[in-house]
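Take a look at the structure below.
The values are calculated or read from the model by the stated rules, or taken from the named source; none is laboratory data. In this text the structure is predicted, and so the values were computed from the model without any measurement. Backbone-built Cβ (ideal geometry, glycine too); neighbour counts: all protein chains shown.
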Amino acid sequence: MPCGSPLDSEPIVVQGSGSTPVDPGLITLTNVIYGLHACSILIGVLGSAFIVGAFLFGIPSIIAVIINYVKRPDVRGTFLDTHFRWQIRTFWFAMLWAAIGGLILLTIILFFLGLAVLAATGLWVIYRVVRGWLALNERKPLPV
């Protein structure tokens, strides 16, 4: 097997991340978490739900955030720590903006503004998941 293949059990060291070795299993787990978030987004796009609604209240994203909190101590000091913070913040900021958009929707007068806030939040969630997943595949930390 070539050196550096995903099946190696050697820890991976990423430059610029404090050079703390990373267990390849944690990289796989982080990929799974991004996949769960992407699954929720896909449910929102293909189903009758808003993207942000499916992201926040879909079972895959809820499972992903629970995994983030449970496994967070295992990634401390590695570049994956930035990915976990990125994912957690994406979830909670999306929740905040969805609540604001929902409250605006209730005013009826600003109904379309509320829809715009929810749509923008959905696009922002897609951006965050795609950007984070691409950075993970390049083994780069994220700004947080």
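Can you work out which of the residues in the stretch 38-67 that are farther than 18 Å from Gly132 by Cβ and not aliphatic (A, V, I, L, M) is surrounded by the fewest Cβ atoms within 10 Å (Cβ to Cβ)?
Top of the filtered list is Ser48.
Taking the options Val75, Val70, name whichever one is modelled with pLDDT of 95 or more and surrounded by 17 or more Cβ atoms within 10 Å (Cβ to Cβ).
Details: Val70 fails: surrounded by 17 or more Cβ atoms within 10 Å (Cβ to Cβ).
When all the criteria are applied, what remains is Val75.
Please enumerate the residues belonging to the stretch 59-103 that are more than 12 Å from the chain's Cα centre (by Cα), in a helix (DSSP H, G or I) and either within 18 Å of Leu123 (Cα to Cα) or of a type in the set (Lys, Arg) (or both).
Lys71, Arg72, Met95, Leu96, Trp97, Ala98, Ala99, Ile100, Gly101, Gly102
Restricting attention to the stretch 104-144, which residues are more than 25 Å from Val45 (Cβ to Cβ), in contact with a Ser or Thr (Cβ under 6 Å, 6 or more places away or on another chain) and either in a helix (DSSP H, G or I) or at pLDDT below 90 (or both)?
Result: Val144, single match.
Give the residue, chosen from Leu136, Leu113, that is over 30 Å from Val22 (Cβ atoms) and in contact with a helix residue (DSSP H, G or I) (Cβ under 7 Å, 6 or more places away or on another chain).
Leu113
So, of the residues in the stretch 107-142 that are of a type in the set (D, E, K, R) and under 21 Å from Ala54 (Cβ atoms), which turns out to be surrounded by the fewest Cβ atoms within 10 Å (Cβ to Cβ)? Before you say what the answer is, go through the steps one by one.
We begin by selecting, within the stretch 107-142, every residue of a type in the set (D, E, K, R); these are 128, 131, 138-140.
The next check asks that each one be under 21 Å from Ala54 (Cβ atoms); those that pass are 128, 131.
Working: Arg128: 20, Arg131: 13.
Going through the qualifying residues, I end up with Arg131.
Suppose we filter Gly77, Gly101, Gly132 for residues that are touching a Gly at 6+ places or on another chain (Cβ under 8 Å), at negative phi and of a type in the set (Gly, Ala, Ser); which single one remains?
Every option except Gly101 fails the conditions.
Being surrounded by 20 or more Cβ atoms within 10 Å (Cβ to Cβ) and hydrophobic (A, V, I, L, M, F, W, C) is the filter here; which residues of the stretch 92-106 pass it?
Ala94, Ala98
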